[in-house]
Amino acid sequence: MKKRLTALTFAGAFAGLGVSDADACTSMIFKAEDGTRIYARTMEWGASDLRSEMMLVPESMAFSSALGDGKTGASWRNRYGFVGVNADNLAYATDGMNEAGLTVGVLFFPGFAKYQEVKADELKTTVSNVDLANYILSNFKTVDDVRQAMPGIRVVRNAEIEKEFGTPLPLHHVVSDATGASIIIEYVDGQLSVTENKVGVLTNSPNYDWHLLNLRNYANLKAQAAPPRSIDGVSLAPFGAGSGMLGLPGDFTPPSRFVRAVAFVNTMIPAKDAADAVNAASVMLNNFDIPKGLVREGNAEDFHLGYTQWSVIADMSHKVYYYWTMYDRRMRAVDLSKLNFEGKAISSFPLDKVRTEDIQDRSDDFPH
């Protein structure tokens, strides 16, 4: 049965989750030969079970942004309905796509995010950083719309939420649309940075420009195998396939995942159509899955895990939102063209009906 949610801001959405820097998300965008635009990302989190749900936010919803200290920021009524994946059963989109095919991905940005200050005379145009995804999905159709609007709003931290969590909530956002446009939104030293997503990839810290600069350390990587050589008759032929990518980092730090994702996206054989593109995206995302136990934050006696809880793929051209989870790898889909965005309340359902693999038994396909 669908559970109704009220239009809450992010306040309390992660209360008690013990948020830390264990988030290790990876996102990517690319285009199929038929013009289909794909956005895809993983969600890594180990501080707790996110208990994520798929939520539908109708066009008529009204939101307001809590800023802390009893202050309320911007208030708005949705122009566009959207679907998104929430956390802790509350109406905060950690990822989502709206009716226009605009997508927003929220990724952790620890150690670098520093937001603007609250100004009493600008509250009506001020949004908490944790409300920004809902704000964008609710109000804008294209990346160009978002790019033009961002300088006109202030994005601030809510110290009350951070005090409740016992940790800052540093975030950056990747916003993409069906035209292929994509931008990265970051706040560093209190200044807004809106950067073109030039290589189609975002991970975590450091900032996006640093990651672009770091790519120069891997300028030698290529899909083509290294040619065989010899020195005084000694063969230096590669041992096997993949020698052109020798040196591609395989660990799960944000810089390494960024390099790896850029390599995958920019060497993939072009997908023919939407179905082929969704398959290609799922194959690439699988390379960023973190098994439970591989990544541990803390010391040997006191630690929590970082692991992949779910992944999503958005076909921005046809407005279909796909997902799977750590419990059930079978891909599921939400077709936005089939949804009713004229409701009066947010609705949702758990990502998994049952937290177990949905395995198809093919035994009976053999002759008896």
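If you filter the range 103-145 down to residues that are within 29 Å of S60 (Cβ to Cβ) and charged (D, E, K, R), you find that the one that is most open to solvent (accessible area, probe 1.4 Å) is K124. In the range 321-365, of all residues being open to solvent by less than 20 Å² (accessible area, probe 1.4 Å) and within 19 Å of E59 (Cβ to Cβ), the one that is farthest from the chain's Cα centre (by Cα) corresponds to F341. Those strands (runs of 3 or more DSSP E) of the range 291-368 in which 3 or more residues are touching a Gly at 6+ places or on another chain (Cβ under 6 Å) occupy 303-306.
Those residues that are farther than 17 Å from S256 by Cα and surrounded by 14 or more Cβ atoms within 10 Å (Cβ to Cβ), I need them from the range 199-233; list them, please.
A225, A226, listed by residue number.
Of all the criteria given as (1) open to solvent by 10 Å² or more (accessible area, probe 1.4 Å); (2) in a loop (DSSP other than H, G, I, E, B), the one not satisfied by S75 is (2).
Just to check your reading of the model, which residue among G293, G240, G244, G298 is surrounded by 14 or more Cβ atoms within 10 Å (Cβ to Cβ) and of a type outside the set (D, E, K, R)?
On the way: G293 fails: surrounded by 14 or more Cβ atoms within 10 Å (Cβ to Cβ); G240 fails: surrounded by 14 or more Cβ atoms within 10 Å (Cβ to Cβ); G298 fails: surrounded by 14 or more Cβ atoms within 10 Å (Cβ to Cβ).
Result: G244 is the single residue among G293, G240, G244, G298 that is surrounded by 14 or more Cβ atoms within 10 Å (Cβ to Cβ) and of a type outside the set (D, E, K, R).
Contact map, the range 231-257: first residue of a type in the set (A, V, I, L, M), second residue open to solvent by 50 Å² or more (accessible area, probe 1.4 Å) and in a loop (DSSP other than H, G, I, E, B), Cβ cut-off under 7 Å, separation 6 or more or different chains; pairs are L236/P228; L236/R229; A237/P228; A241/A225.
Do we find a residue being of a type in the set (V, I, T), under 22 Å from F108 (Cβ atoms) and surrounded by 14 or more Cβ atoms within 10 Å (Cβ to Cβ) anywhere in the range 276-287?
Here is the first cut: in the range 276-287, the residues of a type in the set (V, I, T) are 278, 283.
Checking which are under 22 Å from F108 (Cβ atoms) leaves us with none.
No, the range 276-287 contains no residue that is of a type in the set (V, I, T), under 22 Å from F108 (Cβ atoms) and surrounded by 14 or more Cβ atoms within 10 Å (Cβ to Cβ).
Residue by residue through the range 53-66, note down the ones that are outside any loop (DSSP other than H, G, I, E, B), of a type outside the set (D, E, K, R) and either open to solvent by 10 Å² or more (accessible area, probe 1.4 Å) or under 25 Å from A314 (Cα atoms) (or both). Hits for the range 53-66 are M54, M55, L56, V57, A62, F63, S64, A66.
The values are calculated or read from the model by the stated rules, or taken from the named source; none is laboratory data. Everything numeric here is computed off the predicted structure, so don't read it as measured data. Virtual Cβ from ideal backbone geometry, glycine too; neighbours counted across all protein chains shown. With ligands, DNA and RNA removed, areas are computed over all heavy atoms of the protein, side chains included. Shrake-Rupley method; radii C 1.70, N 1.55, O 1.52, S 1.80 Å.
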